[in-house]
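Everything below concerns the one structure shown next.
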Amino acid sequence: MTRSRIELPVTADDRRIARLAALAVGLTLAEAALPSPVPGVKPGLANIVVLLVLLQYGWRAAAWVSGLRVLAGGLLLGMLFAPGFWLSAAGATASLALLAVARHLPERHFGPVSLSVLAAFAHVGGQLALAAAWLLPFAALIKLLPVFAAAALVFGTVNGLVVSRLLAAPNPDKRQSAPCLIP
Amino acid sequence: MLRAGDWSVLAGGAAVVAGLAWQAWFAPNDAADTAIIRAGGAIVRTVALAQPQTVTVPGPLGVTRIEIAAGRARVQADPSPRQLCVKQGWLARAGEAALCLPNQVSLELTGRRAAHDTLAY
């Protein structure tokens, strides 16, 4: 009898994506514990991770992190394939689609804050589009639209500022210990 | 930290929020709240579109029945030969009207703000 063995080679990229996705999932869970005045209005802290990954490792990695975040977040919050899960997936898809275009904006003029705000608007837009098509009559959503849009603007700006602060901080991977000068 | 383009994105976002808020909360809405029922050119009843009820109006050919519901109204039955006003169905927006000319009865909706003289489709 021969023993079959399946080997799945794991690359350094896979490990990095897994680590970053775990970070995003952690932020999603922490955020789910925060009380919110309006259901659906959340800071979207996991988007900080997605945006950082986009800027440092490219769009593919960001899409992986975002997808894993939605899937694992759904599993851990016990709402896998529930309406909330699909709304989250629709928002993540819309925001990734917009980021695929927006990341080609000239970097000299448009920083992380622009990307973050645009992604936040796309996120809310995707969620509301699905909600309008599937869950609620559109007339009921109209009154809530400005609330969601304002939340996207505020939290998008804050998250973008956090991302630009994190990017400006020295990268721990590349940090070198200073040579000791012995007199 | 914020670049020139970022400010324009933020300004655009604020404009979107303001536009949506105006649209959702402050723009004049054309929902009807009152039905005016006329017979022979004179107003016979003015009914608020709050309580569901049926109003009967006599005319030269017979009785026209008008049904009032929450936020809308229609001519339910009319003795006119071609039934045009009945076929119009439910009216819900300010300015909409259903005219039953042979029986000289009309139903017209008005709202908080009369945006149009009349609406027809």
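Please treat every number below as a calculation from the coordinates, not as lab data. Predicted model, so just to flag it, every value in this text is computed and none were measured. Positions of Cβ are generated from backbone atoms using ideal geometry, with glycine treated the same way; all protein chains shown enter the neighbour counts.
Numbers at a glance
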quantity	calculated
Chain lengthening between B:A70 and B:A15 when straightened (0.36 nm per residue, less Cα-Cα)	16.3 nm
Average other protein chain Cβ within 10 Å of Cβ, residues A:153-161	3
Cβ crowding within 10 Å averaged over residues, with A:146-157, B:50-61 ranked highest first	A:146-157, B:50-61
Crossing angle, helix B:4-21 versus chain B [Cα axis fit, 0-90 degrees, rounded to tens]	20 degrees
The range B:32-111 - percent relative contact order, Cα under 8 Å, separation 6 or more	32 percent
FRET efficiency, 1/(1 + (r/R0)^6) with R0 51 Å, evaluated for A:L77 and B:I36 via beta carbons	0.40
At 1.567 mPa s and 4 °C, Stokes D of the range B:1-115 from Kirkwood alpha-carbon radius, µm² per second	80 µm²/s
Ordering of A:19-31, B:35-47 by packing [mean C-beta count within 10 Å, highest first]	A:19-31, B:35-47
FRET efficiency, 1/(1 + (r/R0)^6) with R0 35 Å, evaluated for A:A100 and B:R112 via beta carbons	0.20
Kirkwood-based shape ratio for chain A, expressed as Rg/Rh from alpha carbons	1.07
Span-rule helices in chain A, defined as complete DSSP H runs reaching 27 Å or more along the axis (Cα) with Kyte mean at least -1.0	A:12-32, A:83-102, A:112-134, A:145-168
Shielding by other protein chains, A:114-126, mean Cβ within 10 Å	2
Summed residue charge, Cβ within 14 Å of A:A97's Cβ, Lys/Arg positive, Asp/Glu negative	+2
Protection proxy ranking, peptides B:80-87, A:48-55, average beta carbon neighbours within 10 Å, highest first	A:48-55, B:80-87
For residues of B:12-25, the mean tally of beta carbons on other chains within 10 Å	5
Extension gain, B:A77 back to B:L61 (0.36 nm per residue minus Cα-Cα distance, nm)	4.5 nm
Built amide H within the under 5 Å cut-off of B:E96, gap 5+	B:L109, B:L119
